[in-house]
Amino acid sequence: MTVTPAVVEEEAPTKKGLNFTFPLEETEMGIVAGIIAAVITIYTGFPAVIKGVGLILAFLWGMDSVHKTSKYGLGTGVPSIGVLAIGYGVIGTVMGLALAEYGRIGQLYPAVLVGVLVMGVIGLVSGTMSNHEKLIAMKIPHLERAMMELGMAGTLIILLECSIVTGSLNFGAVVTNVMNTGLIALMFIFSCFAILHPYNACLGPDERRERTRMVAVEIGGLVCVLLGLALVVLGTSPYGILDGVSLIVFGVAVWVVFFRMFIKACMDEAYSTVGTGLIKTIE
Amino acid sequence: MEPVLMILIVVLVVIGGLLASLGAHLLPVGGAPAAMGTATGIATGTVQIMLGATMTGLFTAASVATFSDSLALVALSGAVGATVMISVVMFMANILYVFGCGVVPISGRVDVDPITKEPQAPYKTPQTDGHGVPNVVFVSGMMGGFIGGLGGALMYYALLNYAGFSAGTAAIGALSIFVANAIIAAYNIRGTIEGFHDPKFKRLPFALATSLAVSLLCGIVVVIAATVLGGAM
């Protein structure tokens with residue numbers, strides 16, 4: 001039997017370098033996003049655009065947690081863990097808002113972070129029990145940490161969205177403007193998508209974290225547009241209508257930039273692409 | 001807040017969470033294989049099916065709660081709403097499978113239907129895991145919808161009347177606690193399940209134990225929030 005010589009592989013076409021590199025590792029990203037988002041959450045006097053930046057950072061944190069958990073295969077699809085995060089987020093938000101008046105200094109509400117911490121604990125408990133050999137035994141490395149981070153990120157996301165729409169973290173104001181208007185349902189499902197959709201859409205053997213994160217930022221932009229519209233309609237911002245309009249402009253700008261970047265990255269990194277005419281080729 | 005009311009909130013939230021977990025195990029979850037007609041059940045994940053059924057249940061429960069203070073009536077209306085929703089979904093899935101794909105609704109896990117005693121194995125396409133929603137699975141799915149809707153409505157009632165939340169807050173709070181429990185059940189199921197006759201149903205105690213812990217903590221969170229607010233909202 002003759003040994004066939006190894007096939008000389010054709011040299012892969014040189015890839016263009018990516019211009020979007022977020023230099024942070026998953027842990028660093030969690031710490032940075034968590035701290036910045038928490039600071040923006042507790043001070044409600046910031047303009048909506050800055051809160052939007054915090055929101056996008058929280059989305060990136062949540063997406064990273066989904067990414068590192070779901071790559072081992074959950075068995076029920078990626079969406080489940082994103083919905084779990086926002087479900088925990090809503091419970092934590094109710095808890096945080098209830099405690100908001102304690103230790104309040106003007107527009108600074110440090111007590112809402114208790115809700116974030118409590119959801120971290122509940123996430124840790126559910127992650128530990130899900131991974132425990134004698135219980136559900138999912139056998140996913142670091143599931144405990146990921147579920148904890150998801151609970152915390154989910155709570156920060158819903159708190160930030162409430163803060164954007166109402167301009168404060170007063171429980172009564174949030175109930176009137178967010179819960180009773182039904183806006184919470186939109187927030188729930190759109191935040192779910194911002195967390196779960198990036199990895200759900202990009203997963204596969206050639207998935208790359210940098211590219212996946214572009215989708216998270218892009219959906220964050222769309223959520224900002226939605227919240228900006230709500231802010232304009234409700235008229236709750238202390239800075240007037242300009243606050244909502246600036247958030248819409250910011251959201252559209254973020255969406256355009258990152259959608260372009262994502263399509264470009266996909267086309268650069270794919271071996272070859274065939275245009276369907278649906279998306280105009282960017283060259 | 002009175003201690004009795006506090007205990008009642010925690011107990012109702014825990015019962016709701018356990019029922020959510022049990023209901024999720026009874027649903028016909030087909031997942032991706034069912035989308036190709038090669039597995040029994042509805043072609044999506046546990047979370048989506050359970051969420052759809054319970055949302056409907058919460059709508060009916062909330063409608064009834066506007067004119068009734070009866071716990072039994074609100075809980076049952078939620079259960080019936082969820083059952084109607086899941087039945088319609090299973091029926092439409094069957095129409096699509098039978099007339100669209102041309103496959104017979106057949107169970108892949110048992111050779112004889114445990115309820116109607118109809119033979120299953122001769123009609124099963126080789127290399128597949130059943131098709132559509134056969135009788136036993138349909139009955140199990142209705143039971144799952146009923147139990148899940150009951151759990152969701154119980155939580156809604158506790159949050160609305162005992163914790164004193166507004167209708168919107170109570171609905172989204174109940175949905176969130178429900179979702180957390182249903183997802184833990186989904187992780188226990190791992191993919192597809194047919195119902196109570198499925199061998200995977202024996203894993204139920206593990207999910208119930210986890211659900212108990214999670215819903216107990218969520219119930220305590222709700223009690224703390226309600227106590228701090230003093231029934232103001």
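Only residues that are surrounded by fewer than 23 Cβ atoms within 10 Å (Cβ to Cβ), more than 30 Å from A:GLY73 (Cα to Cα) and facing another protein chain (nearest Cβ under 10 Å): list them for region A:176-203, please.
Of everything in region A:176-203, those that are surrounded by fewer than 23 Cβ atoms within 10 Å (Cβ to Cβ), more than 30 Å from A:GLY73 (Cα to Cα) and facing another protein chain (nearest Cβ under 10 Å) turn out to be A:THR176, A:ASN180, A:THR181, A:GLY182, A:LEU183.
How many residues are among the hydrophobic types (A, V, I, L, M, F, W, C) and touching a Cys at 6+ places or on another chain (Cβ under 7 Å) when one looks only at region A:71-96?
Here is the first cut: in region A:71-96, the ones among the hydrophobic types (A, V, I, L, M, F, W, C) are A:74, A:78, A:81, A:83-86, A:90-91, A:94-95.
Among the residues that remain, those that are also touching a Cys at 6+ places or on another chain (Cβ under 7 Å) are: A:83, A:86, A:91.
The total comes to 3.
Can you tell me which residues in region B:1-44 are small (Gly, Ala, Ser) and touching a helix residue (DSSP H, G or I) at 6+ places or on another chain (Cβ under 6 Å)?
To start, the set of residues in region B:1-44 that are small (Gly, Ala, Ser) comprises B:16-17, B:20-21, B:23-24, B:30-32, B:34-35, B:37, B:39, B:41, B:43.
B:GLY16, B:GLY17, B:ALA20, B:SER21, B:GLY23, B:ALA24, B:GLY37, B:ALA39, B:GLY41, B:ALA43, listed by residue number.
Tally time: how many residues in region B:88-103 are in contact with a Gly (Cβ under 7 Å, 6 or more places away or on another chain) and surrounded by fewer than 17 Cβ atoms within 10 Å (Cβ to Cβ)?
Residues flagged as in contact with a Gly (Cβ under 7 Å, 6 or more places away or on another chain) and surrounded by fewer than 17 Cβ atoms within 10 Å (Cβ to Cβ) within region B:88-103 amount to 2.
Can you go through A:THR41, A:THR69 and tell me which one is farther than 30 Å from A:VAL175 by Cβ, within 19 Å of the chain's Cα centre (by Cα) and crowded, with 24+ Cβ neighbours inside 10 Å? Write out each step before concluding.
Working: A:THR41 fails: farther than 30 Å from A:VAL175 by Cβ.
After ruling out the rest, the residue left standing is A:THR69.
Of all residues being among the hydrophobic types (A, V, I, L, M, F, W, C) and facing another protein chain (nearest Cβ under 7 Å) in region B:172-183, which is nearest to A:MET179 (Cα to Cα)? Just the residue, please.
From region B:172-183, those among the hydrophobic types (A, V, I, L, M, F, W, C) are B:172, B:174-175, B:177-180, B:182-183; that's our starting set.
Pick out the ones that are also facing another protein chain (nearest Cβ under 7 Å) and you get B:172, B:177, B:179-180, B:183.
Details: B:ILE172: 8, B:ILE177: 16, B:VAL179: 18, B:ALA180: 20, B:ILE183: 24 Å.
Result: B:ILE172.
Tell me, which residue of region A:131-166 that is away from every other protein chain (no Cβ under 12 Å) and not in a helix (DSSP H, G or I) is farthest from A:GLY54 (Cα to Cα)?
Going residue by residue through region A:131-166, those that are away from every other protein chain (no Cβ under 12 Å) are A:141-142, A:144-146, A:148-149, A:152-153, A:156-157, A:159-161, A:163-166.
With not in a helix (DSSP H, G or I) added as a condition, the list becomes A:141-142.
Values: A:PRO141: 28, A:HIS142: 25 Å.
Result: A:PRO141.
Can you name the number of the only condition in (1) in contact with a strand residue (DSSP E or B) (Cβ under 9 Å, 6 or more places away or on another chain); (2) assigned to a loop (DSSP other than H, G, I, E, B); (3) within 14 Å of chain A (Cβ to nearest Cβ); (4) of a type outside the set (S, T, N, Q) that B:MET1 fails?
For B:MET1, the exception is condition (1).
Going by the structure shown, is B:VAL221 buried (at least 21 other Cβ atoms within 10 Å of the Cβ), under 17 Å from B:LEU8 (Cα atoms) and at the interface with chain A (Cβ under 9 Å from one of its Cβ atoms)?
Numbers: buried (at least 21 other Cβ atoms within 10 Å of the Cβ): yes; under 17 Å from B:LEU8 (Cα atoms): yes; at the interface with chain A (Cβ under 9 Å from one of its Cβ atoms): yes.
Yes.
For region B:172-230, which residues satisfy the criterion of being within 23 Å of A:PHE188 (Cα to Cα) and of a type outside the set (A, V, I, L, M, F, W, C)?
Of everything in region B:172-230, those that are within 23 Å of A:PHE188 (Cα to Cα) and of a type outside the set (A, V, I, L, M, F, W, C) turn out to be B:GLY173, B:SER176, B:ASN181, B:TYR187, B:SER211, B:SER215, B:GLY219.
Based on this model, can you work out whether A:THR236 counts as on the phi < 0 side of the Ramachandran plot, within 14 Å of another protein chain (Cβ to nearest Cβ) and of a type in the set (Ser, Thr, Tyr)? Give the derivation first.
Working: on the phi < 0 side of the Ramachandran plot: yes; within 14 Å of another protein chain (Cβ to nearest Cβ): no; of a type in the set (Ser, Thr, Tyr): yes.
Criteria not met by A:THR236.
Taking only pairs six or more apart or across chains, which ones have beta-carbon atoms under 6 Å, a first residue in region A:53-78 that is over 23 Å from A:VAL116 (Cβ atoms), and a second residue that is in a helix (DSSP H, G or I) and hydrophobic (A, V, I, L, M, F, W, C)?
Taking only residues 6 or more apart or on different chains, the pairs are A:THR76/B:ALA186; A:VAL78/A:LEU196.
Considering only region B:184-216, state which residues are buried (at least 24 other Cβ atoms within 10 Å of the Cβ), under 21 Å from A:LEU117 (Cα atoms) and facing chain A (nearest Cβ under 7 Å).
The answer is B:ILE184, B:THR210, B:VAL214.
Please work out which residue is modelled with the lowest pLDDT, limiting yourself to region B:179-233 and to residues that are among the β-branched types (Val, Ile, Thr) and not in a helix (DSSP H, G or I). So that I can check it myself, show each step before the final result.
Step one: list which residues in region B:179-233 are among the β-branched types (Val, Ile, Thr), which gives B:179, B:183-184, B:189, B:192-193, B:210, B:214, B:220-224, B:227-228.
Then keep just the ones that are not in a helix (DSSP H, G or I); that gives B:192-193.
Details: B:THR192: 81, B:ILE193: 84.
Per the stated criteria, the residue is B:THR192.
Consider region A:112-150. How many of its residues are farther than 20 Å from A:TYR102 by Cβ and β-branched (Val, Ile, Thr)? Talk me through it step by step, then tell me what you get.
So the first thing to find is which residues in region A:112-150 are farther than 20 Å from A:TYR102 by Cβ, and the list is A:122-150.
If we keep only those that are β-branched (Val, Ile, Thr) too, we end up with A:122, A:125, A:128, A:136, A:140.
Final tally of qualifying residues: 5.
Name the single residue that is nearest to the other protein chains (Cβ to nearest Cβ) among those in region B:155-171 being in contact with a Gly (Cβ under 9 Å, 6 or more places away or on another chain) and surrounded by fewer than 24 Cβ atoms within 10 Å (Cβ to Cβ).
Among them, the one singled out is B:GLY168.
Please find, within region B:37-78, the residue that is farthest from the other protein chains (Cβ to nearest Cβ) out of those that are more than 18 Å from B:GLY16 (Cβ to Cβ), surrounded by fewer than 23 Cβ atoms within 10 Å (Cβ to Cβ) and of a type in the set (Ser, Thr, Tyr).
The extreme case among them is B:SER68.
Would you tally the residues in region B:150-198 being of a type in the set (Val, Ile, Thr) and free of Cβ contacts under 8 Å to residues at least 24 places away in the same chain?
Narrowing region B:150-198 to residues of a type in the set (Val, Ile, Thr): B:169, B:172, B:177, B:179, B:183-184, B:189, B:192-193.
If we keep only those that are free of Cβ contacts under 8 Å to residues at least 24 places away in the same chain as well, we get B:172.
So the count comes out to 1.
Tell me, which residue of region B:132-154 that is surrounded by 24 or more Cβ atoms within 10 Å (Cβ to Cβ) and more than 16 Å from the chain's Cα centre (by Cα) is nearest to the other protein chains (Cβ to nearest Cβ)?
B:VAL133
Examine region A:220-230 for a residue that is surrounded by 18 or more Cβ atoms within 10 Å (Cβ to Cβ) and either part of a loop (DSSP other than H, G, I, E, B) or over 18 Å from the mean Cα position of the chain (by Cα) (or both), and state whether such a residue exists.
Yes, that holds for at least one residue.
Of the residues in region A:102-135, how many are buried (at least 16 other Cβ atoms within 10 Å of the Cβ), in contact with a Ser or Thr (Cβ under 7 Å, 6 or more places away or on another chain) and farther than 13 Å from B:ALA213 by Cα?
Residues flagged as buried (at least 16 other Cβ atoms within 10 Å of the Cβ), in contact with a Ser or Thr (Cβ under 7 Å, 6 or more places away or on another chain) and farther than 13 Å from B:ALA213 by Cα within region A:102-135 amount to 5.
Being in a helix (DSSP H, G or I), more than 9 Å from chain B (Cβ to nearest Cβ) and in contact (Cβ under 8 Å) with a residue 40 or more places away in the chain is the filter here, so list the residues in region A:97-130 that pass it.
A:PRO110, A:VAL112, A:LEU113, A:VAL116
The values are calculated or read from the model by the stated rules, or taken from the named source; none is laboratory data. In this text the structure is predicted, and so the values were computed from the model without any measurement. In this analysis, Cβ positions are derived from the backbone assuming ideal geometry, glycine residues included, and neighbour counts consider all displayed protein chains.
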